[in-house]
Amino acid sequence: MADLQALNEAVFKGDQQSCVELTKAAVEEGVAADKILNEGLISAMDRIGEGFSKNEIYIPEMLIAARAMKSAMEILEPELVKAGVEPIGKLIIGTAAGDLHDIGKNLVAMMLKGAGFDVIDLGIDVSAEKFIEQAKSTGAQLIGMSSLLTTTMLSMEETIKALKEAGIHAKVIIGGAPVTQAYADKIGADGYAADAAEAVTVAKGLVA
Ligand code: B1M
């Protein structure tokens with residue numbers, strides 16, 4: 001019998017192999033894809049997020065759990081598409097123009113995916129033009145930008161300005177080591193998150 005509790009534990013512990021096996025077994029047994037997603041995967045990532053917020057779980061464990069979740073999602077995604085499960089929102093994400101750091105951005109993207117968002121990752125060094133083009137073509141409600149350098153923080157401001165000038169109404173969330181709430185307020189971002197767990201809370205709040 002499909003063991004979603006074991007799958008939940010496997011995600012929590014970052015046991016990639018068990019995640020894949022248990023997800024495959026649940027799909028083969030005909031367990032509904034949204035049940036596997038919610039009970040097996042998302043609730044485990046919620047636990048990871050809570051632990052991270054309380055400093056009980058650290059970045060390496062979060063990355064390992066997110067990677068395990070990603071492997072399970074690769075099996076589950078076609079089933080979710082077949083079942084017509086709606087994501088809770090669509091978000092495009094990338095690192096600010098000029099910035100090549102992507103470890104934090106990838107973690108944020110994985111956590112948002114884990115929380116049920118449809119995440120389109122534009123990668124690193126993403127220009128304002130690319131954000132605008134992708135915001136238009138995907139119809140995303142949210143745009144995430146990450147910056148690790150004090151210099152590339154400035155390109156976030158330019159991108160937000162360009163998005164507004166292009167008439168894009170998607171809400172913008174920013175983050176990254178040098179970024180602060182005060183800076184987000186200054187440049188007109190709609191949300192700021194200090195870490196990947198908080199990014200999920202902020203993103204959920206913006207699409208609610
Ligand atoms: Co670079 N680097 N780096 N680097 N690098 C830093 C950022 C630096 C602080 C190191 C230092 O000097 N102490 C410094 C920046 C100084 C500054 O501007 N104030 C620096 C520098 C100077 C540089 C170069 C200029 C070095 C050089 O070439 N002279 C160069 C710049 C290249 C470029 O971007 N144009 C450079 C290059 C690199 C590598 C390529 C070697 C590598 C990046 C590899 C990669 O990402 N694939 C690298 C690395 C690894 C680092 C450090 C060591 C680690 C960054 C990291 O991955 N942290 C970093 C020093 C440090 O931070 N201790 C440093 C772990 C990651 C999980 O955390 O990204 O903060 P972080 O993400 C967090 C939160 O910030 C938040 O959630 C994440 C998870 O909790 N968050 C968001 C992030 N994005 C978010 C988005 C959100 C919400 C939350 O909403 C959308």
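The values are calculated or read from the model by the stated rules, or taken from the named source; none is laboratory data. Just so it is clear, the structure is predicted and the values come from calculations on it, not from any experiment. Every residue, glycine as well, gets a Cβ built from its backbone with ideal geometry; the counts of neighbours run over all protein chains shown. Keep in mind that these areas ignore ligands, DNA and RNA; they rest on the heavy atoms of the full protein, side chains included. Shrake-Rupley method; radii C 1.70, N 1.55, O 1.52, S 1.80 Å.
Observations, loosely collected:
- On the stretch given as segment 1-26, residues that are of a type in the set (A, V, I, L, M), surrounded by fewer than 18 Cβ atoms within 10 Å (Cβ to Cβ) and part of a helix (DSSP H, G or I) total 3.
- Options Met69, Met73: the member that is open to solvent by less than 10 Å² (accessible area, probe 1.4 Å), away from the ligand (no atom under 12 Å from the Cβ) and part of a helix (DSSP H, G or I): Met69
- Val172 being of a type outside the set (Ser, Thr, Tyr), open to solvent by less than 60 Å² (accessible area, probe 1.4 Å) and in contact with an Asp or Glu (Cβ under 8 Å, 6 or more places away or on another chain): yes
- Strands (runs of 3 or more DSSP E) contained entirely in segment 98-208, each with at least 1 residues that are more than 6 Å from the ligand (Cβ to nearest atom) and out of contact with any helix residue (DSSP H, G or I) (no Cβ under 7 Å at 6 or more places or on another chain): 117-126
- Checklist (1) part of a helix (DSSP H, G or I); (2) open to solvent by less than 80 Å² (accessible area, probe 1.4 Å) applied to Glu39, failing item: (2)
- Checking each residue of segment 152-167 against the condition of being surrounded by fewer than 23 Cβ atoms within 10 Å (Cβ to Cβ) and closer than 19 Å to Glu198 by Cα gives no match.
- Test: residue in segment 81-90 that is in contact with a strand residue (DSSP E or B) (Cβ under 6 Å, 6 or more places away or on another chain), in a loop (DSSP other than H, G, I, E, B) and open to solvent by less than 70 Å² (accessible area, probe 1.4 Å): yes
- From the list Gly84, Gly14, Gly51, Gly30, the lone residue that is within 16 Å of the ligand (Cβ to nearest atom), without any contact (Cβ under 8 Å) to a residue 24 or more places away in the chain and of a type in the set (Gly, Ala, Ser) is Gly51.
- Taking every residue in segment 120-143 that is under 18 Å from His101 (Cβ atoms) and pairing it with any residue that is of a type in the set (Ser, Thr, Tyr), at least 6 positions away or on another chain, the pairs with Cβ-Cβ distances below 7 Å are Ile124/Thr95; Asp125/Thr95; Val126/Thr95; Phe131/Thr159.
- If you filter segment 96-112 down to residues that are surrounded by 24 or more Cβ atoms within 10 Å (Cβ to Cβ) and touching a residue at least 40 places away in the same chain (Cβ under 8 Å), you find that the one that is farthest from Ile59 (Cα to Cα) is Ala96.
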